[in-house]
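Reading through the structure tokens given below for one structure.
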Amino acid sequence: LSLFLFFEVYRSAHDAEMVFLSTFLLGIAGFILPSLVYLLPVFWIGLFQFKSLSLRTLLGSIIGYLAPWLIYLSIKTYYLSNLLWLNDLLNRFLFDLPNFLLYEYIYLAAIVLCFILLFPTLIDKYQGDSIQARSRLRFLGVLMIAATVLSLFVVDGFLFFLSIAILSYSILLSHPLSLALRSFQAIIFYIFAFVHFIFLSYQFYYKFFM
């Protein structure tokens, strides 16, 4: 929801309000994964791409993200005078080297291969899109790359950031395919969707039943 609200920022008369709402929702999501704050600079890059970067939107994004956290930290500090919980929270912002299992390497390799096979179609259709559509696609590309890198190195962030990367990846690929769908491209996209479904199913099983 935060991402799709952010899409409405493009040359909007209410860009500061939309940025505030978008990052406010990102801040709420940060209760689950605090390291989502690392995506805030990606939103600033998006503001530049949407030609909406200004002091108002920059401050709106920062205040929007901090607002739910200030409320949360105030309540938490009031009821828990012992600040040991703060150390646990700060530890979730740490970086670590990736330590993947074999099936995770296979999954990443399959995703990269699907993207390489469909990349020519993406580039071909990109040139014919409107300026607004191209701005959104560029932002999705930046978001995909940033989320992929963060999924590799942020502690406890693999599945969350990978989900964001896959969402961006799916939108990027489904856009040109919806304009000109050929059998080969459709097969590759269905393989991508199937591989992702199998991976998530196995992750769920591995986490809760093993």
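The values are calculated or read from the model by the stated rules, or taken from the named source; none is laboratory data. If you're wondering where the values come from, they're calculated on a predicted model, not measured in any experiment. Neighbour counts run over all protein chains shown; Cβ positions are idealised from the backbone, glycine included. These accessible areas exclude ligands, DNA and RNA; they are computed on the full protein's heavy atoms, side chains included. Shrake-Rupley method; radii C 1.70, N 1.55, O 1.52, S 1.80 Å.
Please find, among F43, F50, F24, the residue that is open to solvent by 30 Å² or more (accessible area, probe 1.4 Å) and among the aromatic types (F, W, Y).
Values: F43 fails: open to solvent by 30 Å² or more (accessible area, probe 1.4 Å); F50 fails: open to solvent by 30 Å² or more (accessible area, probe 1.4 Å).
The match here is F24.
For Y38, state whether it is among the aromatic types (F, W, Y) and surrounded by fewer than 13 Cβ atoms within 10 Å (Cβ to Cβ).
On the way: among the aromatic types (F, W, Y): yes; surrounded by fewer than 13 Cβ atoms within 10 Å (Cβ to Cβ): no.
Against the criterion (among the aromatic types (F, W, Y) and surrounded by fewer than 13 Cβ atoms within 10 Å (Cβ to Cβ)), Y38 does not qualify.
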### Query
From the set of residues in the range 1-42 that are assigned to a loop (DSSP other than H, G, I, E, B) and within 16 Å of the chain's Cα centre (by Cα), which is farthest from F160 (Cα to Cα)?
L1
### Positions within the range 8-20 being in contact (Cβ under 8 Å) with a residue 24 or more places away in the chain and surrounded by 18 or more Cβ atoms within 10 Å (Cβ to Cβ), in sequence order
V9, Y10, D15, A16, V19, F20
